[in-house]
Each structure stands twice: as C-alpha cells, then as structure tokens.
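Note sheet for the following structure.
The values are calculated or read from the model by the stated rules, or taken from the named source; none is laboratory data. Source: prediction; values computed, not measured. Backbone-built Cβ (ideal geometry, glycine too); neighbour counts: all protein chains shown.
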Amino acid sequence: MLRYVIRRLLLIIPTMFFVALITFTLAHAAPGSPFDKNANRTLPQETIDRLNRYYGIDQPIPIQFVDYLGNLIRGDLGLSLTRQRPVADIIGQGIGTTAQLGIGALVIALSFSIPLGIISALKQNTPIDYLSLLIATIGTTIPGFVTAIFLIYIFGVSLHLLPFVGWGSWQHMVMPMFVLALGPGAFLTQITRASMLEAIRQDYVRTARSKGLRERAVIVGHALKNALIPVATIVGPATAGLITGSFIIESLFNVPGMGRLYIISINARDYPMIMSTTLLYAFIIMIANITVDIVYGVLDPRIKVA
Amino acid sequence: MTSRRSGIWPLLALFTLVGLVVSACTQQGGGPTTGGGADADPNGELITNMGSEPDTIDPQVESFVSEIGVTMKVFEALMTPDIKSGKAVPAAAKDQPKISSDGKTYTYTLRDGLKYSDGQPVTSKNFKYGWQRLCDPATAGDYAFTGYIVVGCEAWNTMDPKKDDPAKLAAAKTTFLNSIETPDDKTITFHLTDAAPYFNSIASTWVGLPTREDMVTKGGDKWTEPATFIGNGPFALSEWKHNEKMTFTRNSNFKTADGKTPKVAKITQVMINEGAVAFAAYRNNELDVYGVAAEDLRSIQSDADLSKQVVDGPQGCSFYIGFNVKKAPFDDKNVRVAFSKSFDRDAYINDVQKIGKPSTSFISEGLPGFDGSDTFQKFDVTAAKAALGQASSAAQAALSSIKITYSASTRATTRLQWFQDQWKKNLNVNITLDPVDSTTYTALVKKPETTPQAFYLGWCPDYYDQQDWLSTVFKSNSSVTHVGWKNDQFDKLVTDADKEPDTKKRDDLYKQASQILSQDAPVAFIYYGTTKILLKPWVKNFYITALGFEEANFTDVYVTKKS
Amino acid sequence: MATAVTTQQRRAAELTVIARQQRSLWRDALHRLLRNRAAIVGMVVIAFFAFVAIFASVLAPYDPNGLNGGVKNQLLEPIWTKPFGGQYTNPAFLLGTDELSRDILSRLMYGARVSMIVGVVPVSVIFVIGASIGMVSGYLGGWVDNLLMRVTDVVYAFPDLLFVIIIVATLRNTDLGNLMDGLVLIFVALAVVNWVGLARLIRGQVMSLKHREFIEAARCIGVPPTRIMLKHLFPNVLAPVIVSLAFAIPGAMLTEATLSFLGIGVRPPTSTWGFEINEGFVVFSTTPWPVLLPALCISAILLSCTFVGNGLRDALDPRSKI
C-alpha cells in the first residue's frame, strides 16, 4: 500500500512536466505579445520590443521553458506580465475565494443529494423516485451558465431578492454556490440512489431485518454505512471539479476567484499566469484522483490496489 | 487609451465609455458644472464601476483609462487639464512654467504646503524621482516614450538593464538625471531635446507623478498595495480587494490652490465586468454611475426615471478605417478618396453605432485642433464614383480582392457588414471581411510588414494637444503609424508645428497638416466616440472628460443626502 | 485440403453463432429502448432539431446574419408577449430579434446546425481514434499500452474543459483555427481531450476478453490479430462503447456551447446557441428573450440526448444501476 502511494505520488512529477510542456507550447503558439493590449491606443513597436526583451520573451521558446522550469523548481512563479505583480500573490488572493465557493457548493450538494438519493432508493419506482431522477438528470444536463442566468433573472433582476454582484455576505454567496452545487449534487444523488439500492439487497441487510431490527436501524446502521462508500470516494474529485470548474460562475457573479483569472490570462498572453494556474489546477486534480484510489482501497477491503 | 476589451467577456466599459449620442430625450449636460455643494453630504459615498481589475496602478507603468483614473485620484501632477478647455493649468505647480527663449527649458515651482497623505511634504525631488522611474529601463513601463522629449531619457530607457554594461547604464542614468534640475525643494527644471510646446500637457498627465522612493523600495513588487501606495492627491487608496473593489477615502492633507477639498468622503470603485450586470446593479442602486451601451438605449428611453438620468459627455476617441497605402488598390489615392466618400456617416450612427458623432476629420470635436470646416471626406456618391473612375487600371483590377481586417466581435462584424453593404451599393465593390482576435489584431496593425490591406481602428489621445494626434499617429517616422503613409508636406508641417512657440501659428500649421491628411485619405474617418452615462440624481458635478477620466473634478463632485 | 475445409466450416459455424447471438442481443436492446418513454421523447426532439438543422436554409425566414432594418427592428419581443403587454412585437419576426435586428428564429435554426455537427463529427473522430488505440493497446499490450497509460495520466491531469479552452483559445488564430470559421479547431480540441477516455474503456474490455476461450480458439487456428480485433473483439465491446459515445454527444454539444458562451467558439457572426446567449446576455436584464430562447434550445437538446443515452445504457446493459 505504502509503495503504491509513493509510486503514484512520484508519477506526479513527470506528469506535471508534460502538463507544463504542453501548456507552455500552446501558450506560446498563440500569436501576439502580452503587451499588445490596447487596439485604440497602440504602443510604439519599440516599446513592445523593449518590454519583450525586459521580460525575456524575445528568447527562443525552449530557452524560456528551461528558464521557467528552473525558476519554478526554486519556487519562483514569476511576475504577471500584465499586472506586474508576483503571480503567487495574485493566485493567493483568488484561490481562497474559489476554495470557499467550491466547499460551500460541496456542502450544499451533499446536503441535498444524500437524503434525496436515499429516499429515492427506498421508494424505488414511485413518483418520488421518478421526480428525483428527473431533477438529477436536469441537474447534470443543464449547463451551469444557463441555470445561473435564469436565477439572476428571477431572483436578482425581477424579484430583487438577492444581490448578484460580488462576494462576501451570505446573500452574495447563495446563488453562485447553489448553481455550482447543482451538477455534482445531481450526480451524487444518482450515485447514492444506486449504491443504496445495491446495499438494501445485500444479505447482511436481509439478515438484519430478519433479526427483527427496526427498519430505521437497518437502514441507518447497516445499509447506509456501506452505501456511502462510493459516495465518499466521489467527494474528492467532486471537490476538485468544483474548484477547477467554477470559472464561468465566477465570471457571471463577479466572484473574485482565480477561475476568472485563468481565461483572462490566456487571452492576454500572460504566460506566467497561464502556466501557474494550469499547473495548480492539474496538481489539485491529480491529488484528488490519487486520493480516490487510496480512499477506495481503505474503505472497501474487497478492492486491492496494486 | 480606452478601457480594454478583454476579448472573451464583452467588456462593456469600452462601449460604454466610448459610446455615442442619438436619443433626443437626454439631459444635455452643456459641459461640466462645478458649483453648488451647499446640500453636499459630508459623509457622502460615490460608487462607480471600473469594469475589470486594473492590471497595474503604478503611474510609471500603467496605460489604461481605468488604471490612470485610480492614479489621478491618489496623486496630483504638476499641471492638470482645465475641466472646460483641456488646456494645462497649474495643479501642484504654483503657476504656468517659465520657458526659456529657445523653448527647451521648462521650470516649474511647487505650491506651498503640499503634503502626502501620510503627512510628508512634497518636494521637487519627489517629482524628479517620478520622472527617473519613468525613464528607468528597469521600470519597464508602457508609456516611457512620452518622456523621450527630456534629454537622456530615450538613450537610457532603450538600454537593456540586465545585459548592458553597468558602467554604460550608470553613465546614461547620470546624463538623464543631469537634465532635470532641482536647485531647491520647490523648483524643478526640465531640459528638453527640442522645443516642445506640448510638454506642459505631458506634465499634466500621469507619467511623471511623484511616486515616493521610500514606498517603492519598501513595497517592492507590491508597492501599489494601499499600505505603500501613498500619494499627494485628493484621495488615498484605503482598500484594494483584488478583483472586487477599490475604496478611496478623502485625503485630509489635500487642498487645491484655491483651497478646495474633496466633497465626498469616500469613493468606491467596484469591478463588474458584465455590462448587463452593471446596468441591473445601477437600477438596484448598487451603483451611482453607469456607462450606457447602445443596446441599453431603448429600455432607458422607455423608462421615465432612467431617461431623466442620462448625461452626455464630450467627444474623445476618433475612429476610422485605415488603408494600407503600400498595397493595391489603396496605393492609388483616388481609390482611397472614393472609399472615404462613399458611406453615409449619419446613417451609420443612427442604425449601427447609435452612440457617437459622425466625423470627416481626425481630431475630435471640442478638442484643440478640431476643424469643423474640413469636410472633404463627406458622403458624396457622385464624387466618390468619379474618383474611382480616375483610378489607375492596376488599382481598378485590384478592387476585386479587397479584404478588411478587424478585431473580432459580433458588434464589430455588424459594423463592418454595414460598410461592406455601403461600398457594394455605392461603389459596386465587393469586399471580404476578415475578423481576427483582438491581441493578434493589435500585433498585426503595428508592424508595417504585417499591416492588413484595410482595417478598422480608433485613436484616443492622452493629452489635449494636436501633437498627440497628428505627429504621434501619422508622422511618417512614428511607430504607431499603421498605414505606411508618408507625405513630405505633412511631415514638414507637423515637425514645424511641434516646435512652434506661437500658439496661433502652431494651430494653423496643424490645421494645414490635418487637411492634407483628410484629402490624401490614408484613412477614412467615421465617427468620434462620446460618453453617455446614467447618473443618479443625488450625484452632482460628476463629469467624464474627453480623455475618458473623471479626475478633473474630484474636488467638485458630491452626493446629496439620499434620504 | 480436408483440413482447410473443416477450418472454414468451423469458422463459418462460429461466425453464425456469434452473428445470431448478436442479432438477438441487439434486438433485445432495441426492444427495451423502444419501451423507454423518455428515450422516445428524446429521439423525437433530436429528430426535430436534426430536421431543422438540415433544412435550415429552406426553413429560416431570414438570413441569420442579416440586419433587418436596424434601429426600428432591434430587440423585438416574441409575438406571444403581445397579449401580455409586450410593446415591441412584429408579426414578421415570430421569436423577435436580437440587439442587432437579426431574426432570432433564423439564428436558432442555423444554430441547430452547429450543435448537430459538433455532436456528430468530433464524436466520430473520437470513436475511430479511441477504438483503434484502445483495441491495439488492450490486445497487444507492450509499449503501445505503456504509452497510452502515460498519455492518459497527462490528459487526465488537465481539468478537461480547461484543456479544451487552452487549446482553442491559444490556437484560434493559427491556420488551423481559421478552418471552417473555427469549427475544425473545436473538433480537434474535443478529440484530443476525449479520445483517451474511450481508449481506456475499450482497453479494459479487451483485456478482460482476450483470454476468453473464443479468442484463444481464434488465435489457435491462426486468425491474424487484425481480424481477431475487428471480427471477434470489436462486436463484443460495442455495447459499452455505444453507451459511452451516446453520452459523449451531449458532452461535445455542451463544450461547444460553453466555448461559444465564453466568446471563443465558432467565429462570429456564425450563429450558435452558446454564442447567442453570450450576445444576448448584454441586454438580458431588460429583454431576456435573446438569452432565454437559445438557453431553452440547448437545454432541450442536452436533455434529449441524455434521455436517449440513459435509454441506451439501460437497454444494452440491463445490469447497470445508475
């Protein structure tokens, strides 16, 4: 087990290298310089050349890549080319908000998906079940930006119930968190329902029932415990997905997180920002993937990780 | 210099601040107001939208309107553009500068009692340090070139601070530093490479603001955070929640020459990217000012309250279609003239642009150098057809392969489709549209070898002087020129005008040059951008200048009690 | 000679058996699928949009990019708002117009085209690439397999939507990005990001099948590997592949819509539903229709695809539970 974990962790290094290589190549393949930013007040070409030289982006791309990796290994993420501030700072300011949004969404997702999944399984093939399946299907299918626009229109513009600009108070947080929670929440509902259905058909549940235990005790004490194993394993990647997938929601609700920065950086050819955000995202995803495999192995002794 | 459209999000700030006029039901501003104030709320707060997080607010690095707007609240320059005429009037300086007889030396004297927001006195050395940072190659600022008129700035600035010989760097720095003298704490003298009557206007911009050396050293890469972003202006940056908002509070150490202090206690600038969201926020009273976009006009006009809150601002940027005179068929002047005279500018404003004012010359209406008599490019199909008929046969042959390149967006495409339609209808010429993404576009139009055959562009000036229009953009050695156009007569006129100390003669030289530009038609002028805003009734004296700033009246703007 | 005949006969017999099993399996599946009401509704909706997409040029009342009269016909509301007090309706524009006076109905019809193409083309590419690499790597193993697994690690490390975004956003202005108004680049990005999942799925299936008796038998009698893969392995992994592709289609549509919503999808003025939402958002606080109508279209097609996907999954793999 320990060897497996170490091997997986070591594999992060070459993977990150290739993620960096691909991102770097793509980012530099885009024409234009980070200083070509204003079409109506173009800077003199000499100024652009001077700035390119100052920030070393007139160098051949392989050399730039090696330099970048060298700095990265020393822990230096560089200066943002458009903001002239350390990338680490800019990301540091955004990641907290993004994490807050992601975790809030996760809490919301869990708090409605697990009860809904359980009820749905216990009342299989009843109208309640069908309704929850329908909600889950809609939740996984409708794009978040569509839901967000509907909610902004209804609660923000028409009813004036909730603010939809900015971040801070619970009123600001509720809509973005809810929208973000919908997708994973719907998916978790389906998972909970499926594994609960499987659990209540197991022999030990039947045994428990035949011993004369109360239904409630059977469900909570026996079925639920095992049914939640697959749910638990999904929580890791779901969180990673929430953190890395929130950029559209952040943009729509003006949440000062880092997802929004990502797209702006790509467009502005802010190479150090693109690299750092992509690598950070990749790292979060990889850790989440590894955690799932490990947690799965720990929670379910029947599965052997090799 | 306009707010940037960050390509992906339709950043409305541009449309909003560079928008234009049609509607009849607007309250004609009739220019800026400054009076009143008896009903001002001493604790009043003004909330505006700055669109997106500024890239930087470092005065010697920045280049965008929203960024400069921040800096101009926090710092005060030597001069400031007069709110009505745009002429440079004293700000931190006591008076107009003393200019030597050869026009190459400018001496400014500071007002008494100037203080930074932390209480430290402002000296001429602080201003010198600002200029030093501007020209220092290690600052890597966007606008360093505006300082090249000062002796030694260009030579030092264009060196490579990392690879060049340190001794040479030091020598260049010394040469530059010797060209700005500060004999005492109140006096600063600039030695220029050439006579430059527009230098006074440069002294009213943000480039030489007195940044504090101790704060820059202390803050390092992060000196623009509130703790070290200390200025001598009407407000102090008290909070910067990145990507969310900036808060400014009244600087109690600040007073204008005539003793005025800021009337609002606090200015909050939020960062709302989406125009629709900002509009909704304005109607929710979460914003006091909203920059109107063309698509908002109908709902504003049909709303009794909103239609009363519209305020029209002055013309600023100038938009045009550029022709690459090095490529057929636009190497033939007749073709250029034909194209420039064959679209109906009034219809364009009414049907497509909606906020703006038709233009037939370069410099925007209301700004120094505007020439209302220059109507050579006016819509005239007969003349256009005649001009086209006189074009050479080679140019005639090339008419079938015209491509117009522009920065891709739906609105831009609609605009260009309109032109496509006009030229088809009026000249029977088919042109192809070629949209490319904004960053690529900017790069394309900058280099003579990649300049497209025809393209859509605008120019927004940085200060109120013809030099920043004609010489900066169209002089043949300018590296912002995009059309490859070289006209010896034009070059001579603007070169002379740039140095001419006599204002009247100078204006006349520029006027002649401007007419040559219109008649030789390397570009076809379309319209002047204007500002149209919605303003809450409790905000008074709020005004956005032609350059797109709101800074000119920080001590005049106030809010009444909202009760 | 005799041996040859026997082999052939045996092979024929074997194939007949496989074929017959297949037929009954597929027929069973079809039967189950047709009993699924949601899937039927989904198929009807998809067929409707496909019809509109194919005949958009005939059905659409206006040029989708044409300006219809500028100011006076801008932001018209759908005609059904008239009885409820809509002031800006015009019977000539059933669903109204957008902020540039383009006919929304026509734009939606042409938008269906993009969604359909994006649903079909990249998924076919993914199928060809994923299936061939998955089969080879699962059946032959060795360095191909090793390489696939390493590539998988890298691709899986990218958040998939962000990977698509970085490909599309950076390569938009290269020659590749200019092909077919940017559609080709979207295909490429979708294929690059998604083939790995399918390849892995097939690899897993093939690995579990390759030691089964019927494959061993085929190998013993000298059937060449390509033939084994195509004739014996492939039909047996088809069911899960179909299910996975059925879900890849709405996935691709959603990705395109998201890219277009972000303004980095198909080049304007080409109409796509996502891009219409992007444009309509500019005015949505005062006139919601330019946003709501394309949003409804996207929701309808995605839901329909998901219903059909669910139906296929239940039909082809009755044991699955989600």
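On the stretch given as region C:280-302, residues that are part of a helix (DSSP H, G or I) and in contact (Cβ under 8 Å) with a residue 60 or more places away in the chain total 11.
Residue A:146 meets the conditions (1) more than 29 Å from residue C:260 (Cβ to Cβ); (2) modelled with pLDDT of 85 or more in every case but one. The failed one is (1).
If the condition is being of a type in the set (Ser, Thr, Tyr), assigned to a loop (DSSP other than H, G, I, E, B) and crowded, with 19+ Cβ neighbours inside 10 Å, then region B:338-376 contributes B:342, B:359, B:360, B:361, B:364. When residue C:75 is tested against (1) assigned to a helix (DSSP H, G or I); (2) surrounded by 19 or more Cβ atoms within 10 Å (Cβ to Cβ), only condition (1) is not met.
Can you tell me how many residues within region C:293-318 are modelled with pLDDT of 90 or more and more than 19 Å from the chain's Cα centre (by Cα)? Total satisfying the criteria: 1. Where helices (runs of 4 or more DSSP H) fall entirely within region A:193-306, those with at least 3 residues that are within 14 Å of another protein chain (Cβ to nearest Cβ) are at A:225-244, A:247-252, A:258-268, A:271-299. Is there a residue being more than 25 Å from residue C:49 (Cβ to Cβ), among the polar types (S, T, N, Q), free of Cβ contacts under 8 Å to residues at least 24 places away in the same chain and more than 14 Å from chain A (Cβ to nearest Cβ) anywhere in region C:139-148? No; the residues of region C:139-148 include none that is more than 25 Å from residue C:49 (Cβ to Cβ), among the polar types (S, T, N, Q), free of Cβ contacts under 8 Å to residues at least 24 places away in the same chain and more than 14 Å from chain A (Cβ to nearest Cβ). With the checklist (1) crowded, with 24+ Cβ neighbours inside 10 Å; (2) within 14 Å of chain B (Cβ to nearest Cβ); (3) touching a residue at least 40 places away in the same chain (Cβ under 8 Å); (4) not basic (Lys, Arg) in hand, flag the one item residue C:277 doesn't pass. Here residue C:277 meets the rest and fails (3). Residues that are among the polar types (S, T, N, Q) and out of contact with any Asp or Glu (no Cβ under 6 Å at 6 or more places or on another chain) within region B:424-454 comprise B:426, B:428, B:430, B:432, B:438, B:440, B:450, B:451, B:453, listed in sequence order.
Restricted to region B:400-428, and to residues there that are more than 14 Å from chain C (Cβ to nearest Cβ) and under 35 Å from the mean Cα position of the chain (by Cα), the residue that is farthest from residue C:102 (Cα to Cα) is B:401. Tell me, please, whether a residue that is within 21 Å of the chain's Cα centre (by Cα), buried (at least 18 other Cβ atoms within 10 Å of the Cβ), under 30 Å from residue B:309 (Cβ atoms) and modelled with pLDDT under 90 can be found in region B:505-527. Scanning region B:505-527 turns up no residue that is within 21 Å of the chain's Cα centre (by Cα), buried (at least 18 other Cβ atoms within 10 Å of the Cβ), under 30 Å from residue B:309 (Cβ atoms) and modelled with pLDDT under 90. Considering A:103, A:57, the condition of being part of a helix (DSSP H, G or I) and either closer than 30 Å to residue A:128 by Cα or not hydroxyl-bearing (Ser, Thr, Tyr) (or both) is satisfied by A:103 alone. Taking region A:163-173 as the range and being buried (at least 18 other Cβ atoms within 10 Å of the Cβ) and more than 14 Å from chain C (Cβ to nearest Cβ) as the test, the residues that pass are A:166, A:167, A:172, A:173. Going residue by residue through region B:137-149, is there one that turns out to be within 14 Å of chain A (Cβ to nearest Cβ), touching a Phe, Trp or Tyr at 6+ places or on another chain (Cβ under 6 Å) and crowded, with 23+ Cβ neighbours inside 10 Å? Looking for residues that are within 14 Å of chain A (Cβ to nearest Cβ), touching a Phe, Trp or Tyr at 6+ places or on another chain (Cβ under 6 Å) and crowded, with 23+ Cβ neighbours inside 10 Å, one finds none in region B:137-149, hence no.
Among residues of region B:416-450 being of a type outside the set (S, T, N, Q) and free of Cβ contacts under 8 Å to residues at least 24 places away in the same chain, the one that is farthest from residue A:43 (Cα to Cα) is B:425.
Among the residues of region B:198-230, those identified as away from chain A (no Cβ under 14 Å) and acidic (Asp, Glu) are B:213, B:214. Scanning region B:283-299 for residues that are modelled with pLDDT of 90 or more and hydroxyl-bearing (Ser, Thr, Tyr) yields one hit, B:290. Number of residues in region B:377-386 that are part of a loop (DSSP other than H, G, I, E, B) and of a type in the set (A, V, I, L, M): the value is 0. Of all residues in region B:308-336, exactly one satisfies the criterion of being part of a helix (DSSP H, G or I) and either closer than 19 Å to residue B:458 by Cα or within 13 Å of chain C (Cβ to nearest Cβ) (or both), namely B:336.
Looking only at region C:206-227, which residues are buried (at least 18 other Cβ atoms within 10 Å of the Cβ) and either in a helix (DSSP H, G or I) or aromatic (Phe, Trp, Tyr) (or both)? Once the filter is applied, which keeps residues that are buried (at least 18 other Cβ atoms within 10 Å of the Cβ) and either in a helix (DSSP H, G or I) or aromatic (Phe, Trp, Tyr) (or both), region C:206-227 yields C:206, C:215, C:218.
Within region C:111-154, the set of residues being surrounded by fewer than 20 Cβ atoms within 10 Å (Cβ to Cβ), small (Gly, Ala, Ser) and assigned to a helix (DSSP H, G or I) comprises C:124, C:132, C:142.
In the set B:263, B:327, only one residue is touching a residue at least 60 places away in the same chain (Cβ under 8 Å), more than 29 Å from residue B:38 (Cα to Cα) and out of contact with any His (no Cβ under 9 Å at 6 or more places or on another chain); that residue is B:327.
If only residues of region B:452-510 that are in a loop (DSSP other than H, G, I, E, B) and more than 19 Å from residue A:43 (Cβ to Cβ) are counted, the one that is farthest from the other protein chains (Cβ to nearest Cβ) is B:502. The set of residues from region A:69-90 being part of a helix (DSSP H, G or I) and buried (at least 20 other Cβ atoms within 10 Å of the Cβ) comprises A:87, A:90. The residue that is farthest from the other protein chains (Cβ to nearest Cβ), counting only those in region C:159-205 that are over 28 Å from residue A:242 (Cβ atoms), assigned to a helix (DSSP H, G or I) and not hydrophobic (A, V, I, L, M, F, W, C), is C:205.
Please pick out the residue among B:533, B:516, B:526 that is in a helix (DSSP H, G or I) and either farther than 19 Å from residue B:358 by Cα or touching a Phe, Trp or Tyr at 6+ places or on another chain (Cβ under 6 Å) (or both). Just a single option satisfies the conditions, and that option is B:516. Considering region A:28-43, the residues that are modelled with pLDDT of 75 or more and over 15 Å from residue A:82 (Cα atoms) include one that is surrounded by the most Cβ atoms within 10 Å (Cβ to Cβ), namely A:30.
Residue count for region A:117-128, restricted to those that are within 14 Å of chain C (Cβ to nearest Cβ) and either among the basic types (Lys, Arg) or buried (at least 18 other Cβ atoms within 10 Å of the Cβ) (or both): 3. Where strands (runs of 3 or more DSSP E) sit wholly within region B:170-283, those with at least 2 residues that are closer than 30 Å to residue B:541 by Cα and not assigned by TED's automatic domain parsing to the domain that holds residue B:141 occupy B:235-241, B:245-250, B:266-270.
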